[in-house]
1. Give the average over all directions of the projected area of the C-alpha convex hull of the chain, one decimal, in nm².
2. Using a simple charge model, +1 on the beta-carbon of Lys and Arg, -1 on the beta-carbon of Asp and Glu, nothing else, what dipole does segment 62-115 show about its Cα centre, in debye to the nearest 20?
3. For segment 147-155, what does the Karplus curve 6.51 cos²θ - 1.76 cosθ + 1.60, with θ = phi - 60°, yield as ³J(HN,Hα) per residue in whole Hz, taken in order and with x for Gly and Pro?
4. What is the sum of charges around Asp50, taking Lys and Arg as +1, Asp and Glu as -1, for the other residues whose C-beta is under 10 Å from the C-beta of Asp50?
5. Specify whether the C-alpha gyration tensor of segment 68-116 places it in the rounded, prolate or oblate class, a ≥ b ≥ c being the square roots of the eigenvalues: rounded for a/c under 1.5, otherwise prolate if a/b is larger than b/c and oblate if not.
6. If you count, for each residue, the other Cβ atoms within 10 Å and average over each peptide, how do 163-170, 75-82 line up from highest to lowest?
7. Given the rule -39500 (n - 2.57) for each run of at least 4 DSSP H residues, summed and divided by the residues of the chain, what is its mean residue ellipticity at 222 nm, to the nearest 500 deg cm²/dmol?
8. In nm, give the distance between the simple-model label positions of Thr102 and Arg151, each being 7 Å from the Cα along the Cα-to-Cβ direction.
Amino acid sequence: MRPPRGAHHHSLRCHSRGIQTGPGWISLFDGKAIGAEWDRVGESNRRVEDGAIVADKRTGDIAAHLVSKTKYKDFQVYVEFWASEDANSGIFLRCQEPTKITDRSCYEVNIFDQRKDPTYGTGGIVNFVEVNPMPEAGGKWNTFEITAKGRQITVLLNGQKTAELHSGLFAEGPITLQHGDGVIKFRKVAVKPQ
């Protein structure tokens with residue numbers, strides 16, 4: 001029997017708050033500065049405000065990314081994010097070409113409530129795992145807990161599973177935080193290599 005929805009969500013939320021500080025977790029953002037663990041690809045007005053990485057204006061023709069300098073194979077990543085309702089963002093995993101990031105060279109866990117085709121909207125893995133119904137993340141703080149182990153990738157949005165993928169297409173690579181359009185804020189970013 002499943003626990004009541006609120007109780008289940010609450011227990012996951014409490015677990016999530018401490019998950020990124022336990023043994024083996026590495027913080028990729030200290031709440032003060034975009035540190036040396038990131039490379040910048042594409043142009044955006046990324047900055048730190050109130051303990052979060054904020055971007056709300058992109059210049060140029062391509063989406064902007066913060067790209068981890070470390071490549072990851074098997075890992076968990078925990079991200080707290082806030083997106084405007086019109087935001088186009090995402091967490092990209094195991095990217096093959098860190099300077100040419102697309103949904104064809106990485107796994108993209110999407111943050112895109114107003115995607116014209118909602119098939120791969122918020123919580124889905126673009127081109128791989130559809131999300132139905134699509135949860136809406138706009139206008140509030142949310143959490144992603146993503147586990148990549150071997151050929152399996154599992155995505156939890158606010159403690160609820162939205163995507164599960166079995167694919168060996170991309171085995172290892174950096175993690176990126178995307179700013180495509182709208183306003184995106186990343187408050188906590190932590191990774192636990194396996």
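Throughout, read-outs are computed from the coordinates displayed, never taken from laboratory work. Everything numeric in this text was worked out from a predicted model, so none of it was measured. Reconstructed Cβ throughout: ideal geometry from the backbone, glycine too, with neighbour counts over all protein chains shown.
1. Working: hull surface 42.7 nm².
Value for the chain: 10.7 nm².
2. The dipole of segment 62-115 has a size of about 420 debye.
3. Whole-Hz 3J(HN,Hα) from phi for segment 147-155: 10, 10, 9, x, 8, 9, 10, 10, 10.
4. Residues close to Asp50 contribute a combined charge of +1.
5. Details: a/c = 2.48, a/b = 1.53, b/c = 1.63.
Taking the square roots of the gyration eigenvalues as a ≥ b ≥ c, segment 68-116 is oblate.
6. So the order, starting with the most tightly packed, is 75-82, 163-170.
7. -2500 deg cm²/dmol
8. In this crude spin-label approximation the distance works out to 2.6 nm.
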